[in-house]
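Visitor: Okay, here's the structure, questions in a sec.
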Amino acid sequence: MAKIIESVEYETKYNLSLCFQLVEYPDNISNKTERGYRFEWKNSNGKPINYNAGIIIPNAKILLDLLSKASKEGWFVSIEKNNTQEKIS
């Protein structure tokens with residue numbers, strides 16, 4: 001299960017929030033952790049909504065708003081500065 005390190009939200013008119021998160025996942029093979037980003041929908045009670053098909057981001061404005069909030073808080077992209085993992089090509 002992922003541990004949420006940082007999170008920003010965009011609240012919609014449907015009482016749902018789209019969250020952009022910095023998370024840490026356990027790697028069961030190496031017994032280490034790996035950090036990365038994810039999106040997650042939450043209902044009005046703050047509970048995650050599970051989607052089998054992935055997360056739908058309604059439009060570019062919402063995406064850019066979330067990325068901007070995370071950048072202003074200082075955690076978006078900062079993960080890459082310390083990331084020594086292999087880059088995916």
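Visitor: Among Asn59, Val23, Phe76, whose Cα sits farthest toward the positive end of the charge dipole of the stretch 3-82 (+1 at Cβ of Lys/Arg, -1 at Cβ of Asp/Glu, about the Cα centre)?
Guide: Value computed over the given set: Asn59.
Visitor: Right, another one. Return the subset of Lys3/Lys42; Lys32/Lys69; Lys42/Lys72 for which the Cα-Cα distance in this structure is over 26 Å, preserving the input order.
Guide: Lys32/Lys69
Visitor: Full extension from Arg38 to Ala2: what is 0.36 nm times the residue separation minus their Cα-Cα distance, to one decimal in nm?
Guide: Working: separation 36, 0.36 × 36 = 12.96 nm, distance 1.01 nm.
That pair, Arg38 and Ala2, stretches by 12.0 nm at full extension.
Visitor: Shifting gears a bit: Express the relative contact order of the stretch 3-82 as a whole percentage, based on alpha carbon pairs under 8 Å and six or more residues apart in sequence.
Guide: Working: 111 pairs, mean separation 20.9, N = 80.
Once divided by the residue count of the stretch 3-82, the mean separation gives 26 percent.
Visitor: Please compute the modelled spin-label separation between Asn59 and Ile29, points set 7 Å along Cα→Cβ, answer in nm with one decimal.
Guide: 4.2
Visitor: Separate question: What do you get for Rg/Rh of the stretch 25-73 when both radii come from the Cα atoms and Rh is the Kirkwood radius? The partial results should precede the final answer.
Guide: Working: Rg = 14.1 Å, Rh = 13.4 Å.
When Rh is taken as the Kirkwood radius, the ratio is 1.06.
FYI, it's all coordinate maths here, none of it is from the lab. Please read all numbers here as calculations on a predicted model, not as lab measurements. Here Cβ is always computed from backbone atoms with ideal geometry, including for glycine, and neighbour counts include all displayed protein chains.
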